[in-house]
Amino acid sequence: APNGYGGVQVSPANEHNVFNDQRSWMERYGPISYILTTRSGNEAAFADMSRRCNAVGVRIYVDVVFNHMTGSGDTGSAGSRVNLATRDYPAVPYSAEHFNPSCNIYSWNDPIQVRNCELLGLPDLNQGNEWVRTKIADFLNRLIDLGVAGFRVDAMKHMWPGDLEVIWGRLKNLNVNYGFAANSRPFVVGEVIAGYSLQNDGFLA
């Protein structure tokens, strides 16, 4: 704050897979659940960080991953277990019915493939499913309760805009207890990997 920073983006705050001793940055983009426990700390540590940052005018923006779940490993940073073969993520819980059918992306200009198939082989959540929408909105709203100002959405172009609009509509206003004005809405920005594009949908690389 003394150096003029008004906000920081933090790494995904939810439970992720653990790559044994490798501790690659990639493990944080393989969700196992929406429990707020990562290699950086637990929910209490996140809440303390948010409180201290907001108190000096530094807003928190969380990198969130909900296009997919992990496609590797079997144990998460909070100790949760998964069964990749059956697409069973009991700590959410998600099961096979909450995912799109397995398929590969061959054409990056085909919106159906890009949004319904698996990015890098990661099990692709169906955000059109009511249970999935509810779990994602609950996860984001918990972060809003903890004082975040908004989200950087990983792999945004791999989800249908209409499904995302439903999820955004379920988000709470920002928490006034952290100094936000009444009726303030969370700021959302989407990640789109350069080099790939979808035409005429507002999500261009």
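Rounded, prolate or oblate: which fits region 61-180 when a ≥ b ≥ c are the square roots of the eigenvalues of the alpha-carbon gyration tensor, with rounded for a/c under 1.5 and prolate only if a/b beats b/c? Intermediate values should be presented prior to the final figure.
Numbers: a/c = 2.08, a/b = 1.36, b/c = 1.53.
It is oblate, given that a/c is not under 1.5 and a/b is not larger than b/c.
Mind checking the alpha-carbon convex hull of region 130-183 and giving the volume per residue in Å³? Please report the intermediate quantities before stating the final value.
Working: hull volume 4.4 nm³, N = 54.
It comes to 81 Å³ per residue, whole-number rounded.
Put +1 on the Cβ of every Lys and Arg and -1 on every Asp and Glu Cβ in region 66-205; which of Gly147, Thr134, Trp168 then has its Cα farthest towards the positive end of the dipole? Of the candidates, Gly147 comes out farthest on the positive side. Computed over the chain with a Gaussian network model linking Cα atoms closer than 10 Å, the most mobile of Tyr178, Tyr29, Tyr106 is Tyr106.
With only the Cα atoms considered, region 37-91 has a convex hull volume of 89 Å³ per residue.
Measuring from each cysteine beta-carbon in the chain, the ones with no other cysteine beta-carbon under 4.7 angstrom are Cys53.
Which shape class, rounded, prolate or oblate, goes with region 1-150 when its Cα gyration tensor gives a ≥ b ≥ c as root eigenvalues, a/c under 1.5 marks rounded, and past that a/b bigger than b/c marks prolate? Prolate.
State the Kirkwood hydrodynamic radius of region 86-142 in Å, one decimal place, computed from all pairs of distinct Cα atoms.
This gives a value of 12.2 Å.
With a 1.4 Å probe and every protein chain kept in, tell me what percent of the accessible surface of the chain is carbon plus sulfur. Result for the chain: 51 percent of the exposed heavy-atom area is carbon or sulfur. Can you classify region 49-130 as rounded, prolate or oblate using the Cα gyration tensor, where a ≥ b ≥ c are the square roots of its eigenvalues, rounded means a/c under 1.5, and otherwise it's prolate if a/b beats b/c and oblate if not? Oblate, since a/c reaches 1.5 and b/c is not below a/b. Each Lys and Arg Cβ is given +1 and each Asp and Glu Cβ -1; about its Cα centre, the chain then shows a dipole of about 600 debye.
For the pair Ala85 and Ile193, the difference between a 0.36 nm per residue extended length and the Cα-Cα distance amounts to 36.1 nm.
For the chain, the longest stretch holding no trypsin sites (Lys or Arg not before Pro) located in a DSSP loop with at most 12 other Cβ atoms within 10 Å is which? Result for the longest clean stretch: 40-205.
With a 1.4 Å probe and all protein chains left in place, how much accessible area per residue does the chain have, in Å²?
48
Comparing Phe151, Phe99, Phe19 in a Gaussian network model of the chain, where Cα atoms under 10 Å apart are tied by springs, the biggest mean-square fluctuation is seen for Phe19. Have a look at Ala91, Ser184, Trp25 and report the one farthest towards the positive end of the charge dipole of the chain, computed about the Cα centre with Cβ charges (Lys/Arg +1, Asp/Glu -1). Checked the options; the winner is Ser184.
The values are calculated or read from the model by the stated rules, or taken from the named source; none is laboratory data. Given the structure is predicted, the values throughout are model-derived calculations rather than measurements. Neighbour counts are summed over all protein chains in view; Cβ atoms, including those assigned to glycine, are modelled from backbone coordinates with ideal geometry. What goes into the accessible areas is simple: the full protein's heavy atoms, side chains included, and nothing from ligands, DNA or RNA. Shrake-Rupley method; radii C 1.70, N 1.55, O 1.52, S 1.80 Å.
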